[in-house]
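Here's the structure we're looking at; comments come further down.
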Amino acid sequence: MCIRDRYQRRVHGMFKRILLKSLATTAFGLGALGTLMHYQPDNRLCAANKAPEQNKKHRIWLRSENCEKLNHPEKLFLCTGNANRPLAEDIAKHLGTSLGNALVSKFSDGEINIQIKDNVRGKDVYIIQPTCPPVNENLMELLLLISTARRASAKRVTAVVPYYGYARQDRKMTSRVPISAADVAKLLETVGVDRVISMDLHCGQIQGFFSPRVPADNLDGSAVLLDYVIENTQIFTDPNKIVVVSPDAGGVGRARKFQERLIARGFYGAELAMIIKQRKAASQIERMDLVGSVDGKDCIVIDDIVDTAVTFLAME
């Protein structure tokens with residue numbers, strides 16, 4: 001075998017190992033946060049083929065029954081802060097493992113105290129921590145957990161952030177304001193995160209705030225809502241008269257995707273509408289205009305964040 005052939009085989013083998021490692025990491029990440037939305041094409045529900053009533057109690061609309069278990073849980077370490085521990089425990093349970101021993105407490109002056117009590121050297125660490133209110137405190141816990149795992153010689157550190165705080169500040173709407181979504185991405189990169197997994201980001205462009213070295217996955221949670229709608233058609237006056245409404249222009253793509261999924265699953269009369277709103281300031285709506293027809297129809301409003309709910313109240 002000539003030198004060139006050996007070199008080519010070596011290069012091909014290297015790229016194959018890198019690709020397999022990347023696919024394995026992505027597959028676990030999607031499985032971890034997707035325990036509530038595991039997709040089974042052969043068993044999916046349709047409007048004309050709903051689940052039997054006797055099985056509804058056990059299957060309902062959670063896609064977690066057939067979640068694949070981990071083959072080598074000893075190579076992974078799952079931990080969480082104080083943001084949503086029940087969620088992290090459910091994810092670990094469906095993956096067939098348990099949460100690692102990580103202490104997240106406070107000093108007497110309010111500073112956050114972090115200590116990972118298990119050995120994570122050479123392991124894949126997954127930190128499940130949404131940055132829900134209190135946003136700043138949960139964000140700091142996430143940053144310190146990532147830093148702790150990195151300093152403890154973890155092989156890879158993946159942040160599972162179902163709710164990405166500061167996502168609404170993804171561009172400059174006026175002068176002298178920060179782009180906070182990008183700043184949070186830089187903070188996560190600085191402390192050493194290798195991958196970020198989130199769900200229903202306020203804007204898909206947030207994925208671009210991370211460098212190519214740190215992939216960001218944006219999972220779509222509408223699949224869970226879709227099964228719920230299909231199994232609970234009694235909540236509608238007429239399942240053939242449904243309108244999917246986007247509460248603003250930025251969410252039209254999200255609403256349109258849900259409408260297309262409804263049509264594909266048997267709701268052939270599903271339509272699309274949009275609200276155009278003008279704000280005086282944050283959480284203050286000056287004017288709202290409707291594009292589309294909702295007269296005599298049931299509306300499904302698809303939004304990514306409900307903060308003060310003033311948009312929903314104004315829509316009524």
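The values are calculated or read from the model by the stated rules, or taken from the named source; none is laboratory data. Keep in mind the model is a prediction, meaning the values are calculated, not measured. Here the Cβ is made from the backbone with ideal geometry for all residues, glycine too, and neighbour counts use every protein chain on show. Surface areas here come from the heavy atoms of the whole protein model, side chains and all, with no ligands, DNA or RNA. Shrake-Rupley method; radii C 1.70, N 1.55, O 1.52, S 1.80 Å.
Quick look at the values:
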item	result
Mean Cβ neighbour count within 10 Å, used as a protection proxy, ranking 305-314, 114-123 highest first	114-123, 305-314
The range 208-316: trypsin sites (Lys or Arg not before Pro) in DSSP loop, at most 11 other beta carbons within 10 Å	Arg213
Whole-number D in µm² s⁻¹ for the range 230-279, Kirkwood Cα-pair radius fed into Stokes-Einstein, 25 °C, 0.890 mPa s	213
Within the range 65-157, GluC sites (Glu not before Pro) in DSSP loop having at most 16 other beta-carbon neighbours inside 10 Å	Glu65, Glu68, Glu111
In the range 157-192, trypsin sites (Lys or Arg not before Pro) in a DSSP loop with at most 12 other beta-carbon atoms within 10 Å	Arg171, Lys172, Arg176
Amide H contacts under 5 Å for Gly165, placed H, 5+ residues apart	Thr131
Residues with amide H under 5 Å from that of Val301, placed H, sequence gap 5 or more	Val245
Integer Hz, Karplus 6.51/-1.76/1.60 couplings in order for the range 113-123, x for Gly and Pro	10, 10, 8, 8, 8, 9, 6, 10, 4, x, 9
At q = 0.14, 0.25 Å⁻¹, base-10 log of I(q)/I(0) for the range 65-141 (Debye sum, equal scatterers on each alpha carbon)	-0.50, -1.21
For the range 196-298: accessible area per residue (Å², 1.4 Å)	50
Inter-site label distance for Tyr228 and Asp118 at 7 Å from Cα along Cβ, in nm	3.1
Surrounding net charge for Gly269, when Lys and Arg each add one and Asp and Glu each subtract one, Cβ distance under 13 Å	0
Full-stretch length increase - Lys241, Leu290 - with 0.36 nm per residue and alpha-carbon distance subtracted	15.9 nm
Furthest towards positive pole of dipole, Gln284, Ala223, Ile242, structure part the range 199-285, Cβ charges	Gln284
Potential lengthening between Ala264 and Lys155 on full extension [0.36 nm per residue; Cα-Cα distance subtracted]	35.1 nm
